[in-house]
1. Restricted to the range 95-112, and to residues that are surrounded by 24 or more Cβ atoms within 10 Å (Cβ to Cβ), closer than 17 Å to LEU195 by Cα and not small (Gly, Ala, Ser), which residue is farthest from the chain's Cα centre (by Cα)?
2. Provide a single number: the residues in the range 55-72 that are assigned to a helix (DSSP H, G or I), of a type in the set (A, V, I, L, M) and more than 15 Å from VAL162 (Cα to Cα).
3. Pairs under 7 Å by beta carbon, first residue aliphatic (A, V, I, L, M) in the range 70-81, partner at pLDDT 80 or above, six or more apart or different chains?
4. Kindly list the number of the only condition in (1) modelled with pLDDT of 80 or more; (2) surrounded by fewer than 16 Cβ atoms within 10 Å (Cβ to Cβ); (3) hydrophobic (A, V, I, L, M, F, W, C) that fails for LEU125.
5. In the range 162-178, what count of residues is obtained for those that are in contact with a Leu (Cβ under 7 Å, 6 or more places away or on another chain) and of a type outside the set (Ser, Thr, Tyr)?
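The values are calculated or read from the model by the stated rules, or taken from the named source; none is laboratory data. It should be emphasised that the depicted structure is a prediction, and the values quoted were computed from it without experimental measurement. When we count neighbours, we look across all protein chains shown, and the Cβ atoms used for this are built from the backbone with ideal geometry, even at glycine.
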Amino acid sequence: MKQPELDVLATDWVEKSSHRVHRPQNIFFAIQELWVKTLVITELEVRKLRHDSTDLFVRAVQPTLWLLIFGQVFTRTHTIPTGNVPYLDFMAPGILAQSALFVAIFSGGMTLIWERDLGVVHKFLTSPIPRVSIVLGKGLAAGIRCLSQVFFIYIVSFLLGVQLNFNPVAFSQVVLTILLGAGCFCTFSLIIGCLIKSRERFMGIGQLITMPLFFASNAIYPISIMPKWLQLLSLVNPLTYEVDALRGAMLLHGSSIYGFGVDTAILLLTLVILTFICGRLYPQVVI
């Protein structure tokens, strides 16, 4: 996206926000203001997809290879115990979570550093908008980006014979889980972007954290076969609960260990905590 286009988008965002600036009379209006301003920044972020939509298709290559190669091979070897669930079925929700993780991580902090270098962040910080709204808007936009991965992996999984649950309620649960999970990891990425000033250094740290998050979860193997120390790490890994919720909602005969309510509550609590932290750190981007 060119600098003049970014200036127009940022100016439009500030103008929309400034029209609604007033002191809220009670908690209801405060929440309403926060939500409206969050949607404004979400609209700004989603609008960028028109300029770089090919990235979504490029990101879909890696999960496809995991399903086609890794999933097919380990389905035949029967080396990973998954009970009555075929390994490819067991693996498909984990690969969806992995795909959303990668998109969220690299569309958060990297974009933040890029916007800082172009001067866009300075315009955001001079607007009378809560920093929390900026962070939440970017997290929600990351979730919307990841929805394309949902449809793509559903299609690939269906063609590979995975027994999917096409019930509208179950699909809505999948969408909600992806939005919450992507929001968590995008916000985590933004926190790193607030502390790291170099795009090259962020790329290295991004690669460093994504794989441990992936392998320290139940994405491609059950928690029960992990060593004790890795089981403890998996319990504090938000990706574990995202995969657990997806496995219960995405598969036709899938089941959730912790329950969909518990999984989404943990993801929501994680998102709230990370958003608060990132909101406090956000002004440090320009320091």
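1. In this case the residue turns out to be LEU112.
2. Taking the range 55-72 first, the residues assigned to a helix (DSSP H, G or I) are 55-59, 61-72.
If we keep only those that are of a type in the set (A, V, I, L, M) as well, we get 56, 58, 61, 65, 67-69.
Next, only the ones that are more than 15 Å from VAL162 (Cα to Cα) stay: 56, 58, 61, 65.
Residues in the range 55-72 being assigned to a helix (DSSP H, G or I), of a type in the set (A, V, I, L, M) and more than 15 Å from VAL162 (Cα to Cα): 4 in total.
3. Filtered contacts from the range 70-81: ILE80/TYR87; ILE80/TYR221.
4. (1)
5. Here is the first cut: in the range 162-178, the residues in contact with a Leu (Cβ under 7 Å, 6 or more places away or on another chain) are 162-165, 174-175, 177-178.
Checking the rest, the ones that are also of a type outside the set (Ser, Thr, Tyr) come to 162-165, 174-175, 178.
So the count comes out to 7.
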